[in-house]
Amino acid sequence: MNAKPSAPQPVAGDVRPAAGDLRQDAAGLVRLGERIKDWARELGFDAVGISDVDLTDAEAGLQAWLDAGHHGQMDYMAKHGLKRARPAELVEGTVRVISVRLAYLPASVVMPTQASTVSPAVSPAVSPTRAPPASATPLADEEAARAARGRGRHDWRAGEWQRIGAPGEAVVSVYARGRDYHKVLRQRLQRLADRIEQAIGPFGHRVFVDSAPVLEVELARRGGLGWRGKHTLLLHRDAGSFFFLGELFIDLPLPVDTVAPTADPPAASAELAPPAASPSAAVATVVPVAAVATVADAPPRPADGQHCGQCRRCLDACPTGAIIAPYQLDARRCISYLTIEHRGSIPVAFRRAIGNRVYGCDDCQLVCPWNKFARVTDVPDFDVRHGLDGSSLLQLFAWSAQDFETRMAGSAIRRIGHEQWQRNLAVAIGNALAMPSLDPVQRGALVDALRDACAGATPLLREHIDWALAQDLGSET
Ligand code: B12
Ligand code: SF4
Ligand code: SF4
């Protein structure tokens with residue numbers, strides 16, 4: 001933990017005692033907890049919650065996941081063992097965790113320009129001003145409120161499905177279209193820590209954003225920031241799931257938040273399903289989910305705060321069957337893992353199901369009813385850069401290593417490197433070439449691009465290019 005040795009600063013507002021005295025002052029801790037939430041909101045976080053550090057009942061799930069090898073090549077997941085579920089062992093002195101949520105869905109995705117507006121022919125059931133279906137659940141009022149907030153708002157998910165099914169388009173998952181979120185959240189969390197220190201003097205703390213072995217979703221759930229969806233991500237009824245999480249581990253015994261009560265998901269309706277043109281709907285799962293062994297003797301998930309009800313859309317929509325059971329994700333099958341975390345050759349069995357997703361995947365979130373009115377971000381850093389919401393495979397495959405470095409500076413994508421980027425694009429191009437609906441001119445251009453790239457390709461890239469060329473339906477005629 002960072003406990004800066006500087007002298008206590010003048011105290012702001014009504015939080016008077018220095019950190020040492022505060023630990024014994026129950027009323028002061030309550031006030032400080034409230035002020036911290038105010039400061040977090042002032043810093044632009046959408047929500048903030050405080051939890052204790054007892055993740056004992058998450059340990060079995062984590063251990064089962066690791067034992068089953070579901071982490072694949074992500075050795076860092078196994079490296080710290082159960083410390084991931086033991087914040088006080090990871091950072092000595094930690095007694096509370098402040099979790100924050102920050103939405104990343106850019107307004108341009110939700111309110112597309114005319115050029116990228118979905119044509120009614122693609123998603124006929126979608127009407128921008130249509131209220132959600134009447135719900136027989138107690139959520140009807142909330143649904144109406146959500147509809148009012150979203151009035152005039154395009155059902156942005158239809159636009160995403162359209163691109164996922166479009167031959168020649170390259171789909172980068174929504175979270176990676178702007179600047180790298182790690183830096184954005186880290187800076188804001190550090191400012192929050194500084195603000196607390198200004199008020200109470202030095203205190204033990206450490207900032208985490210996806211960077212260390214921490215069970216972030218579980219901590220945020222316990223801090224009341226949402227519930228765990230069957231796709232394993234955190235969801236909130238007013239925010240959906242398109243948000244990032246970050247944490248401040250602290251040594252102050254602040255009062256903890258409670259987990260939200262249970263409710264059913266919004267009533268399912270045809271308009272929420274991916275259109276038939278979407279590969280998620282059209283491409284058969286590589287290995288049927290039923291055929292995948294789930295972890296035996298799995299302890300049941302705690303029932304508190306669940307709002308998925310009988311819904312299982314995310315499980316059914318996953319192109320690779322990666323959600324092998326509710327709340328169990330085999331990362332080795334997940335397109336996000338295969339395109340971002342997995343080094344080396346992408347297993348052939350998964351290549352077709354990857355479709356045109358070249359970095360990450362959003363399908364399990366796009367089908368989720370709670371994301372129809374997912375919260376839109378007001379963080380300019382998450383604005384789409386370099387046309388990543390509307391680029392073609394051809395455009396992105398043409399980037400040289402230098403182009404990639406320059407354009408992806410400040411983006412999370414840069415981490416995978418140019419070779420892996422091209423590997424992913426080659427797979428997506430192969431899948432485009434396998435589509436009968438691909439325009440012949442575009443087909444020719446894609447084949448030429450692949451052939452041109454053979455000269456100077458690394459063995460890894462060459463193998464993916466050869467696979468892609470072998471998918472070309474045009475080569476059969
Ligand atoms: C590793 C990782 C991945 C891996 C594995 C994902 C996973 N679900 O485990 C891969 C690369 C696949 C991945 C993909 C994505 N990720 Co990710 N990822 C992480 C990371 C670094 C760790 C997650 C983790 O600990 N997994 C380990 C397993 C054991 O944890 P778990 O699923 O929470 O498991 C619990 C239960 O599900 C259950 N369980 C799981 N397996 C089993 C098995 C049995 C038998 C039992 C009983 C229980 C059980 O018990 C566990 C403990 O409670 C977190 C950041 C962090 N440090 O936490 C981000 C994080 C979860 N990812 C995030 C995002 C945005 C994504 C993507 C949406 C990105 C994209 N668009 O491509 C996808 C979504 C895929 C999905 N459906 O999860 C966000 C999620 C925000 C949110 N709303 O929840 C996080 C929190 C990053 C952040 N700081 O914002 N990710
Ligand atoms: S991100 Fe895509 S591949 Fe991964 S679990 Fe969700 S739908 Fe499946
Ligand atoms: S799609 Fe359905 S089951 Fe999956 S997270 Fe959303 S509400 Fe839960």
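Annotations
- Unit charges on C-beta of K, R, D, E only; dipole of the stretch 358-409, Debye: 120
- Ordering SER211, SER392 by the number of other Cβ atoms within 10 Å of each residue's own Cβ, fewest first, gives SER211, SER392.
- Using only side-chain charges placed at the Cβ, +1 for Lys and Arg and -1 for Asp and Glu, the dipole size of the stretch 321-477 relative to its Cα centre rounds to 360 debye.
- Translational diffusion coefficient (Stokes-Einstein; Kirkwood radius from C-alpha pairs) of the stretch 332-477 at 10 °C, 1.306 mPa s, in µm²/s: 97
- Between ARG191 and THR458, the contour length at 0.36 nm per residue exceeds the Cα-Cα span by 91.8 nm.
- The label-point distance for TYR76 and ASP466, in a model that sets each label 7 Å from Cα toward Cβ, rounds to 3.3 nm.
- Normalised by the number of residues in the stretch 351-477, the mean separation of alpha-carbon contacts (under 8 Å, six or more apart) gives a relative contact order of 33 percent.
- For the stretch 387-450 and the stretch 80-101, distance of Cα centres in Å: 39
- Highest average packing first - 326-335, 343-352, Cβ atoms within 10 Å: 326-335, 343-352
- With 0.36 nm allotted per residue and the present C-alpha distance subtracted, the ALA401-SER437 stretch has 9.9 nm of extension available.
- Peptides 362-375, 42-55 ranked from most to least packed give 362-375, 42-55, packing being the mean of other C-beta atoms within 10 angstrom over each peptide's residues.
Every number here is computed from the coordinates shown, using simple stated rules; none is lab data. The structure presented is a predicted model; accordingly, all values stated were derived computationally and were not measured. Here Cβ is always computed from backbone atoms with ideal geometry, including for glycine, and neighbour counts include all displayed protein chains.
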